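The values are calculated or read from the model by the stated rules, or taken from the named source; none is laboratory data. Please read these numbers as outputs of a predicted model, since none were measured by experiment. Reconstructed Cβ throughout: ideal geometry from the backbone, glycine too, with neighbour counts over all protein chains shown. We work out accessible area using only protein heavy atoms, side chains counted, and drop any ligands, DNA or RNA first. Shrake-Rupley method; radii C 1.70, N 1.55, O 1.52, S 1.80 Å.
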Amino acid sequence: MKILLVEDEPKLAGFVTEGLKHAGHTCDHVADGSKGLETAMVGSYDLILLDLMLPTLNGFEVLKNLRSFNNQAPVIILSALNDTEHVIQGLDLGAIDYLKKPFDLDELLARVRTVQRRTLVQDSLKLQVADLKVDLLSREVYRAGKQVLLSNREFALLEFLLSNPNKVVTKSQILEKVWDMNFDPGSNIVEVHLYQLRKKMDRGYHQELIYTVIGRGYVLKGDVTKG
């Protein structure tokens, strides 16, 4: 998932960001409420992790503004404010969960997986195009009945292409969704990962699925079915 962390404690933010990336997610981090609100509104995030005691705007104000602008991204509050009144206020404003500091990283990751499962159930757990079958929950990929082993980044890239079938996606769109927003756009990392993905997905098969559109980007061709 693409996750936004709004947290002003540098040590905790670094710890959480690295943990999320190690688990296969993309994580952007901002350290104050105003920037968090702005970033959440212009980015397309699957989940927002939100501290309450923030500079410029507190977490309650950020959450209230998100919902007033009809941004329905799931929000998990991370806060040292652990009395019942604050928990109730956060949930009433639209947060889906409230994790009290200090917390264990494994517990946070478990709650993130819960959000991911809910999203997958809503979107469909399995996708198929031609003889390619992808299970979004187990992260298993099969081509013509043969399992294809992908890295976390390759799987995220494939998932993004599957979510945009027959549509050319640009390098900048891939960087924004699959990598961090502040990643160097001059890098060739997208090309390298697309090459590796195509080698695993298409080489040796009669029908190619992933194509390069010169000067524009990349496209996965075929009708994607769910179920």
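Quick one: check the C-alpha center-to-center distance for the range 125-188 versus the range 60-78, whole angstrom. The range 125-188 and the range 60-78 have Cα centres spaced 28 Å from each other.
Students often get this wrong, so check it: of 146/199; 2/221; 21/126; 133/226; 126/146, which have C-alpha atoms separated by over 18 Å? Listed pairs above 18 Å: 2/221; 21/126. A cut-off under 14 angstrom between Cβ atoms defines the neighbours of residue 107, and their net charge, with Lys, Arg +1 and Asp, Glu -1, is +1. Computed over the alpha-carbon pairs of the chain, the distance histogram in 10 Å steps reads 7, 31, 32, 20, 9, 1, 0 percent, short to long.
Of the DSSP H helices in the chain, those with a Cα length along their own long axis of 20 Å or more and a mean Kyte-Doolittle hydropathy reaching -1.0 comprise 105-123. What does the net charge come to around residue 202 if you take all other residues with beta carbon closer than 9 Å to its beta carbon, with K and R at +1 and D and E at -1? With Lys, Arg at +1 and Asp, Glu at -1, the net is +4. Please work out how much accessible surface residue 85 shows to a 1.4 Å probe, ignoring ligands, DNA and RNA, in Å² rounded to 10. Counting only protein heavy atoms, the figure is 130 Å². A 1.4 Å probe run over the protein chains yields, for the chain, 51 Å² of accessible area per residue, whole-number rounding. Annotation: amide H of residue 25 has no partner in the under-5 Å range at sequence separation 5 or more or interchain, hydrogens built in the peptide plane.
Apolar share of the accessible surface for the chain: 52 percent from carbon plus sulfur atoms, 1.4 Å probe.
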